[in-house]
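This report refers to the structure that appears directly beneath it.
The values are calculated or read from the model by the stated rules, or taken from the named source; none is laboratory data. Please read all numbers here as calculations on a predicted model, not as lab measurements. Here the Cβ positions follow ideal geometry from the backbone for every residue, glycine too, while neighbour counts run over all protein chains shown. Only protein heavy atoms, including side chains, enter the accessible area calculation; ligands, DNA and RNA are left aside. Shrake-Rupley method; radii C 1.70, N 1.55, O 1.52, S 1.80 Å.
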Amino acid sequence: MKIVIVTDAWEPQVNGVINTLKHTAKVIESKGHEVRFITPQFFKTVPTPTYPEIRLSLFPFRKLEKMIDEIRPQVVHIATEGPLGLAARRYCKKYKLRFTTAYHTQFPEYIRLRAPVPLSVSYAFMRWFHGGAVYTLVTTESMHEHLSGWGLKNLKVWTRGVDTDLFCQGDKKFLNTERPVFMYIGRVAVEKNIQSFLELDLPGSKYVVGDGPQLQELKEKFPEVTFTGYVDNHLLSQHLAAADVFVFPSKTDTFGLVLLEANASGLPIAAYPVPGPKDVVIQGINGHLSEDLREACMQALQLSPDNCRKIAEQYSWERVGEQLLSYLQVNDVQDGLYKPSQKSAG
């Protein structure tokens, strides 16, 4: 089976969407299928306002149409709701082709943090965009419930995985600092709610690992915190393994791959009881959830690193890839659902 995945999120960005797509593509290809990505690297782009590392493709429909025609896939999967996702949706609707979508990011909540756009307006767009899909893939049961409440249909849960070879328990001496070490890793942006973590009165040290548009602002506001900026995967795993508690203050993530990476590294999670954390954390085993984030941090500090590791080992990318493949196969050419040779003239 030949599969096209259309995504507005791609390198040089570093995020969970890209990691998920790349890991699952490898699994699917290992089973004899072909995966082709259509990404912003093939188009003229402009930086997103307030988020320059994210590039938006300009007027991509004609070129995308030609690319899909040349690939002649049996399956089209639309991973994001940006310009490329919109163009791919238009293509599929134009030629009456079935397709699947994914809901990786809570854009309505992200937009509301930056502009006075009512959630009802943003979710109306989401209902329209995903409404044409055979399935819309969501990360957790909590997100399934949340999106169902906003009227989205045909939702299927597509979970996440972790590389337990890369992320594992390691040398605490890698960080020569006052203990305990409370660490956040991820994009440094307003929707991640990092300031709520940094404002906490905690013993030991606080680390923020990652880059993003809010980095300089937080550096100036919290000079006592260690900000590493961007680090590669090898250094990322070393930082995680050397910390004591992973703090995840976000209230807008659909999952948070780094939660699994932290657990795989032996770190208990401290977070709010929101979608993502509450689907990963078993209270008192691999983390602690509370509306009082400081309480969550202090309770998580008491938990067993070995138990955290055991939980992470239950999440394999092999399973994630097989799950995605099972959903994509609803568009298999054998079912007569997608035959490019039968496209209409217009």
Q) Once the dipole of the chain is set up with Lys and Arg at +1 and Asp and Glu at -1 on Cβ about the Cα centre, which of I71, M298, Y184 lies farthest towards its positive end? A) I71
Q. With each label point set 7 Å from Cα along the Cα-Cβ vector, what nm distance links E291 and K278?
A. 1.1
Q) In debye, nearest 20: dipole of the range 30-74 around its Cα centre with unit charges on the Cβ of K, R (+) and D, E (-)? A) 60
Q) Say a paramagnetic label sat at a point 7 Å from the Cα of S326, along Cα to Cβ; which residues of the range 144-177 have their backbone N under 19 Å from it? A) 144-145, 154-162
Q) What angle, in degrees between 0 and 90 and rounded to the nearest 10, separates the Cα long axis of helix 119-131 from the longest principal axis of the Cα atoms of the chain? A) 50
Q: Of the options S30, F107, P83, report the single residue whose Cα projects farthest towards the positive end of the charge dipole of the range 23-117 (beta-carbon charges: Lys, Arg +1; Asp, Glu -1).
A: P83
Q. What are the residues whose amide H is under 5 Å from the amide H of G287, where those residues sit 5 or more places off or on another chain and H is modelled from the backbone?
A. I269, I282
Q: Between F59 and S196, take the C-beta separation as r, use R0 = 35 Å, and let me know the FRET efficiency to the nearest 0.05.
A: 0.30
Q) How big is the gap, in Å, between the Cα center of the range 115-166 and the Cα center of the range 221-252? A) 27
Q | Whole-percent carbon and sulfur share, accessible surface of the chain, 1.4 Å | A | 50
Q: Tally the DSSP beta bridges in the chain and give the antiparallel ones as a percent, rounded to 5.
A: 15
(Q) Positive end of the dipole of the chain, charges at C-beta (+1 Lys, Arg; -1 Asp, Glu), about the Cα centre: which of F248, N263, I54 has its Cα farthest in that direction? (A) I54
Q.
What is the sum of charges, Lys and Arg at +1 and Asp and Glu at -1, for the other residues whose Cβ falls under 12 Å from the Cβ of I285?
A. +1
Q: Could you sort 137-147, 173-183, 266-276 so that the peptide with the highest average Cβ count within 10 Å comes first and the rest follow in order?
A: 266-276, 137-147, 173-183
Q.
Just to make sure I understand: if all protein chains stay in place, what is the order of R319, R187 by accessible area at 1.4 Å, largest first?
A. R319, R187
Q: Take the chain, connect every pair of alpha-carbon atoms lying under 10 Å apart with a spring to form a Gaussian network, then pick out the residue of F59, F107, F246 with the largest mean-square fluctuation.
A: F59
Q) What pairs from K44/K96; K2/K63; K2/K93; K44/K94; K93/K153; K192/K278 go past 21 Å between their alpha carbons? A) K44/K96; K44/K94
Q.
If the only charges are +1 at each Lys and Arg Cβ and -1 at each Asp and Glu Cβ, what is the size of the charge dipole of the chain around the Cα centre, to the nearest 20 debye?
A. 1680
Q) Roughly how many debye, to the nearest 20, is the charge dipole of the range 160-296 about its Cα centre, given +1 on each Lys and Arg Cβ, -1 on each Asp and Glu Cβ, and no other charges? A) 60
(Q) Applying a 10 Å radius around every beta-carbon, put 76-84, 127-135 in order of their mean neighbour count, most first. (A) 76-84, 127-135
(Q) Using a probe radius of 1.4 Å on heavy atoms only, what accessible surface per residue do you get for the chain? Whole Å² is fine. (A) 44
Q) Between the helical axis of 61-71 and the dominant principal axis of the chain, each derived from Cα atoms, what acute angle in degrees is found, rounded to the nearest 10? A) 80
